[in-house]
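Please read the structure below before turning to the comments.
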Amino acid sequence: MSEVRVRFPPSPTGYLHIGSARTALLNWLWAKKNNGKLILRIEDTDTERSTQESIEGILDGLQWLGLDWDEGPYFQTEFAEDHRKAADQLLESGHAYKCFCTKEELEAKREAAKVEKKEFGYDGTCRHLTPEQVVEKEAADQPSVLRFKVPEQEGKLAYHDEVLGTIERAYNDIEDFVIVRSNGKPLYMLCNVVDDIRDRITHIIRGQDHMSNTTRQVLLYQALDAPIPIFAHMPLTLDLQKRKISKRSHGELVSVQFYREKGFIPWALCNFLALLGWNPGTDQEIFSREELIETFTLDRISKVNSVFNHRKGDPKFFTDPKLISINEQYLRSMEISALAELVKQDFIQQDIWDKSYDGARREWFLTTLDLIRDRFHTVRDFATLGRAYFANDYTVEAKPLKKNILKHPGLKTWMPMLSERLAGLGTFDKESSEAATRELATELDIKPGILINGMRTVLTGQLAGPGMFDILIALGKNRVVERLQDIGHLYEE
């Protein structure tokens with residue numbers, strides 16, 4: 001078997017879409033599994049919509065996901081001469097012809113087909129023009145496009161798809177399609193094939209929305225006397241209303257950058273994307289990079305569309321719950337040093353990073369992350385829900401404030417009393433702090449839970465979390481005493 005060579009050819013007309021990221025991932029997996037090469041090719045021929053910002057966003061998104069490429073990035077516009085030469089070759093070999101039909105003529109034929117309730121397809125008006133007729137029209141400066149000449153024969157054109165099996169289409173159902181515009185610019189259909197031939201692509205792994213192009217591209221490979229790559233068309237990803245996920249319908253939710261900003265772990269997102277339309281044949285859902293490379297095969301790609309389970313307006317599940325669950329599992333199980341690096345980068349962005357976390361307080365930092373990570377969904381939660389452990393400007397959430405503080409006005413007096421008790425402890429540990437708390441509750445003739453739940457809300461701003469006296473030790477005596485000394489501001493409207 002020759003070297004496996006796959007490609008990811010994004011169009012730089014917007015952000016890196018999670019659907020495009022899935023395409024890149026599956027190509028990357030196939031290359032890694034076969035010790036092959038992934039070629040990154042930026043298809044920037046749409047000069048009006050392509051932007052440098054989009055190019056940088058695509059490259060940055062791939063790098064963040066950890067999807068490295070072996071060649072490129074190549075830019076399609078750099079190979080314009082290759083595309084023109086291929087078009088000339090097809091014209092000279094008789095596989096293409098010049099078409100002088102005007103837009104008005106074609107539109108009239110299209111309307112006539114509608115009236116007759118027939119599917120419109122180019123009728124080959126210019127297919128059989130004599131060389132003399134072509135010269136005459138060119139002499140009259142009549143503009144022309146270049147059309148591919150589909151073989152006039154009975155039967156069907158067939159190709160094998162690794163996902164869908166044998167795909168067939170009758171030659172009679174394929175119209176002579178345009179490959180070069182009237183301005184002399186080759187279309188995507190031809191450019192894509194020429195680039196794949198030049199880059200020696202062996203496998204084309206892409207979405208089923210490209211299947212309308214595949215039959216025509218197979219004809220181009222044949223006409224250019226080039227080997228036909230192995231195709232594998234992935235299912236589309238739809239929402240619960242069976243709409244294709246898109247920026248227009250779903251906004252930033254379908255952008256890789258959205259998940260980066262929300263604090264998702266890069267490989268957790270890759271893990272989720274791999275399971276959108278592919279399954280390992282087992283119940284396993286969490287895969288390391290090595291496991292996914294080893295397990296991945298093209299024949300396990302699903303034939304049916306996958307579902308992105310997003311319920312608009314649900315604050316708890318702001319994206320697919322399965323993605324959140326996978327990310328949670330990574331947060332809870334990954335090496336604490338690896339998690340610390342991700343949290344560090346986010347803390348730097350949120351301006352709460354303390355250099356001592358890499359120095360004298362390193363052990364405390366790692367221990368605290370390990371203590372609080374079990375209830376968090378994303379890396380961003382450490383700077384929001386867990387902010388009280390690392391900064392003093394944290395928010396007390398409304399629900400615990402109402403339930404644990406405002407319900408008990410006596411806490412305005414009791415918390416300063418508890419602060420004094422804790423400040424006077426010779427040894428500040430879980431046992432001594434718990435004993436002091438329960439002793440005060442007995443003296444006040446109140447349930448210990450009133451003090452314990454009140455402390456949790458005052459000290460962390462949260463309704464739930466680690467054990468209360470684990471929290472005290474993580475925060476340290478000084479911060480605990482200081483925060484409990486005066487809570488009157490919590491009762492202010």
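Based on DSSP, what percent of beta bridges with both residues in the chain are antiparallel, to the nearest 5? If you can, show how the numbers build up before the last one.
Working: 16 of 31 bridges.
Taking every DSSP beta bridge with both residues in the chain, the antiparallel ones total about 50 percent.
At a 1.4 Å probe, what is the % contribution of carbon and sulfur to the accessible area of the chain? Before the final figure, lay out each step's value.
Values: 12040 of 24860 Å².
That fraction is 48 percent.
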In whole angstrom, the spacing between the Cα centers of region 415-434 and region 280-356 equals 40 Å
Sparse-neighbourhood loop hits (GluC sites (Glu not before Pro), region 267-297; DSSP loop; Cβ within 10 Å at most 16 others) -> 285
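What number comes out for accessible area per residue over region 384-452 if the probe is 1.4 Å? Units Å², please. Don't skip to the end; give the middle numbers.
On the way: 3880 Å² over 69 residues.
Solvent-accessible surface per residue comes out at 56 Å².
Can you give me the relative contact order of region 162-270 as a percent, contacts being Cα pairs under 8 Å and 6 or more apart?
Values: 77 pairs, mean separation 25.5, N = 109.
Worked out over region 162-270, it gives 23 percent.
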Note, region 316-322: 3J(HN,Hα) by Karplus (6.51, -1.76, 1.60, θ = phi - 60°), whole Hz, Gly/Pro = x, goes 6, 10, 6, 8, 4, x, 5
If one compares the long axis through the Cα atoms of helix 430-444 with the longest principal axis of the Cα atoms of the chain, the angle in degrees, nearest 10, works out at 60 degrees
Residues meeting the amide H criterion for residue 307 (H placed from the backbone, H to H distance under 5 Å, 5 or more places apart or on another chain) are 238
In degrees rounded to 10, the 0-90 angle between helix 18-33 Cα long axis and the longest Cα principal axis of the chain is 80 degrees
Rounded to the nearest 10, the angle in degrees between the Cα long axis of helix 103-115 and the longest principal axis of the Cα atoms of the chain comes to 80 degrees
Taking placed amide H atoms and a strict 5 Å upper bound, the residues 5 or more places from residue 16 or on another chain that come that close are 256, 257
Lone Cys, the chain, Cβ cut-off 4.7 Å -> 101, 191, 270
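Loop only by DSSP, 14 or fewer other Cβ within 10 Å of the Cβ. Give me the GluC sites (Glu not before Pro) in region 18-101 that pass, ordered by residue number. Show your work: numbers first, answer last.
Working: sites: 43, 48, 53, 56, 71, 78, 81, 92; in loops: 43, 48.
Here the GluC sites (Glu not before Pro) that fit, given the DSSP loop and packing criteria, are 48.
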Within region 336-429, DSSP-loop trypsin sites (Lys or Arg not before Pro) with at most 15 other C-beta atoms within 10 Å are 361, 407
In deg cm²/dmol, rounded to the nearest 500, the helical mean residue ellipticity at 222 nm of the chain, built from -39500 (n - 2.57) for every DSSP H run of length 4 or more, is -13000 deg cm²/dmol
HN-Hα couplings for region 258-267 via Karplus (6.51, -1.76, 1.60; θ = phi - 60°), in whole Hz with x for Gly/Pro, come out as 4, 6, 5, 5, 7, x, 6, 7, x, 6
Once normalised by the length of the chain, the mean sequence separation of its alpha carbon contacts under 8 Å that are 6 or more apart gives a contact order in percent of 12 percent
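The values are calculated or read from the model by the stated rules, or taken from the named source; none is laboratory data. Just so you know, these numbers come straight off a predicted model, no measurement behind them. Every residue, glycine among them, receives a Cβ derived from its backbone with ideal geometry; neighbour counts consider all protein chains shown. For the accessible areas, the whole protein counts, side chains as well, though only heavy atoms, and no ligand, DNA or RNA atoms are used. Shrake-Rupley method; radii C 1.70, N 1.55, O 1.52, S 1.80 Å.
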